[in-house]
1. Scan region 150-192 residue by residue and report those that are surrounded by 19 or more Cβ atoms within 10 Å (Cβ to Cβ) and among the charged types (D, E, K, R).
2. Just name the residue that is nearest to residue 66 (Cα to Cα) out of those in region 13-26 that are touching a residue at least 24 places away in the same chain (Cβ under 8 Å) and surrounded by fewer than 17 Cβ atoms within 10 Å (Cβ to Cβ).
3. So, residue 79, is that one open to solvent by 30 Å² or more (accessible area, probe 1.4 Å) and hydrophobic (A, V, I, L, M, F, W, C) or not?
4. Can you confirm whether region 153-164 contains a residue that is modelled with pLDDT of 90 or more and over 26 Å from residue 345 (Cβ atoms)?
5. Given the conditions (1) more than 26 Å from the chain's Cα centre (by Cα); (2) within 30 Å of residue 142 (Cβ to Cβ); (3) modelled with pLDDT under 85; (4) of a type in the set (A, V, I, L, M, F, W, C), and given that residue 196 satisfies all but one, which numbered condition is not satisfied?
6. All but one of (1) in contact (Cβ under 8 Å) with a residue 24 or more places away in the chain; (2) farther than 23 Å from residue 84 by Cα hold for residue 154, so report the exception by its number.
7. Only residues that are open to solvent by 60 Å² or more (accessible area, probe 1.4 Å) and aromatic (Phe, Trp, Tyr): list them for region 252-289, please.
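The values are calculated or read from the model by the stated rules, or taken from the named source; none is laboratory data. It should be emphasised that the depicted structure is a prediction, and the values quoted were computed from it without experimental measurement. Here the Cβ positions follow ideal geometry from the backbone for every residue, glycine too, while neighbour counts run over all protein chains shown. Quick note on the areas: whole protein, heavy atoms, side chains included, nothing else; ligands and nucleic acids left out. Shrake-Rupley method; radii C 1.70, N 1.55, O 1.52, S 1.80 Å.
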Amino acid sequence: MELANKLFKGDRVIWIIFMLLCLISVVEVFSATSTIAYKNANHWGPIARHATFLLGGFALVLILHNIPCRFFSGFIILLPVSILMLIVTPFIGIEANDAHRWLEFFGMQFQPSEFAKLACIVYTSFLLSRRGSISDRHMFRYILIGVGLTCALILPENFSTGFMLFGVCFLMMFIGQISLIRLGKLAGFLLLMGGIVLGLLKTLDEATIEKYFPDRVSTVKARLERFFEPSGEEEDGSYKITDENYQVSHAKIAIARGGLLGQMPGHGQQRDFLPQAYSDFIYAIIIEELGYVGGVVVLLLYIILLIRVGIIARKCDKIFPKYLVLGCGLLVVVQALANMAVAVNLIPVTGQPMPLVSRGGTSTLISCIYFGIILSISRFGAGMGNDEEDPSVNHPDVSVEKREQMDIINNPEELKETI
C-alpha cells in the first residue's frame with residue numbers, strides 16, 4: 001500500500017477510472033478482434049499490439065503525473081508542427097478507408113490530427129490564462145486563428161474530428177468568459193455556413209460533388225442520408241439488411257442480444273459481422289457481452305471523469321492548469337459520448353474511437369497523455385493525492401518556527417505537554 005501511494009499520486013478517483021477503462025479495453029478488444037486474429041498467423045498478435053500500446057501509455061501517465069503542470073505550456077510547440085503535418089498529409093499520407101489521415105515516420109504510423117487536438121487544447125488554455133495581459137478581442141482572435149486553421153485542415157479528411165475539436169475549444173472559450181456577443185456571432189456564422197453546406201449536399205448530385213468537392217464530402221453525404229432516411233423496412237413489415245444499413249443494423253442486433261447482463265466476454269456474435277467492431281462500434285460489443293449494466297458502467301466512468309475534472313479545476317489556484325484540465329476532460333468525454341451515440345444510432349456514423357477503450361495506437365497514447373496531464377494538475381495544481389506528506393514543511397525556505405509548529409500539530413502528545 002505504501003508503494004502504491006508513492007507510485008500513484010494525484011487524484012485517486014482518476015486513477016481508478018483509468019485502470020478500469022484499461023481493463024475493459026483489454027477484455028473487449030481481445031474479444032472484438034477475433035476476425036483479425038483468425039487472419040493472423042499469431043492469434044495473440046492483435047491483442048499483444050494493443051496491450052503494448054496500453055503499457056506504453058501507462059508509462060506515459062506515470063511520467064507525466066510527476067511533471068509539474070506549469071511545464072505543459074511547452075506543448076504549444078505542437079501547434080505549428082501539427083499544422084505542418086496536416087498540410088502535407090493529403091499529399092504524402094497513407095490512405096485508409098478513402099481518407100489520408102496517417103503519416104509514416106521511420107516505419108511508425110500515426111495520425112497528425114491526434115497531436116493537433118492536444119496542441120489546440122494547450123494553446124487555447126494558455127491564451128485564456130493570459131487574461132489581463134491580452135484584451136478579450138485579441139484573445140478571441142488569436143484562438144480563432146490558431147484553432148480555426150487547424151480544424152480547417154482536419155475537416156476535409158476527418159470532418160467529425162475537426163467539428164468536435166472546434167466544439168470543445170468553443171466550450172473552453174465560453175467557460176473562459178469570452179464575450180457572449182463574440183461567441184454568439186461565431187455560432188450564428190457557423191450555423192449559417194452549416195446550413196448552406198447541408199443545402200448543397202442535399203441538392204447537388206453525386207457526380208458534381210465528386211468533381212468539385214473533396215473526396216470525403218460524398219462519404220459525409222452518404223452517412224447523413226443513411227441516418228435521416230433509413231432503409232431496410234419492407235412493405236410486409238420485414239426488415240432487410242443492405243449495404244446502406246449494414247453497420248447500424250448489426251449494432252442494433254448486438255445491443256438487443258445484450259439484455260441486462262449480456263452474453264459474457266468472448267460470447268458475442270456481432271463482432272464477426274460489424275466492421276470496426278474493435279474501434280468505432282466497440283460500445284455495441286460491450287453491451288452485447290456485458291449487457292446494459294456494463295454499458296451503463298462504462299458511461300458512468302466517463303461522466304464521473306468529467307465531474308472529477310470539474311472538482312480539480314475548482315481547486316486549482318492558477319488559471320492555466322484550470323483551463324487545461326477542463327479542456328482535456330471535455331475532449332475525452334465528448335469523444336466517448338460521440339462513440340456511444342453512434343453505436344446506439346443517436347447520431348450519424350462519425351468514426352470516432354472510444355478514448356482508452358477502442359483499439360488504436362496514436363489515439364491510445366494521446367488518451368493516456370490526457371490522463372497524465374489531468375493527474376499532474378490534480379497533484380500540483382489542485383494539491384490532491386499528496387496527503388502522505390506536506391512538501392512545504394521540508395522546503396528550505398520554510399522557517400524553523402513554522403517547522404516546530406507543524407511538528408507540534410502533527411504530534412498530539414507534544415501539543416498536550418505544551419498546553
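1. Residue satisfying the conditions is 157 alone.
2. Only one residue tops the list, namely 20.
3. Taking the combined requirement at face value, the residue does not satisfy it.
4. Within region 153-164, one or more residues are modelled with pLDDT of 90 or more and over 26 Å from residue 345 (Cβ atoms).
5. (3)
6. (2)
7. 273
Residue by residue, here is whether (1) β-branched (Val, Ile, Thr); (2) farther than 30 Å from residue 326 by Cα; (3) in contact (Cβ under 8 Å) with a residue 40 or more places away in the chain holds:
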site: 175; (1), (2), (3): yes, no, yes
site: 209; (1), (2), (3): yes, yes, no
site: 212; (1), (2), (3): no, yes, no
site: 218; (1), (2), (3): no, yes, no
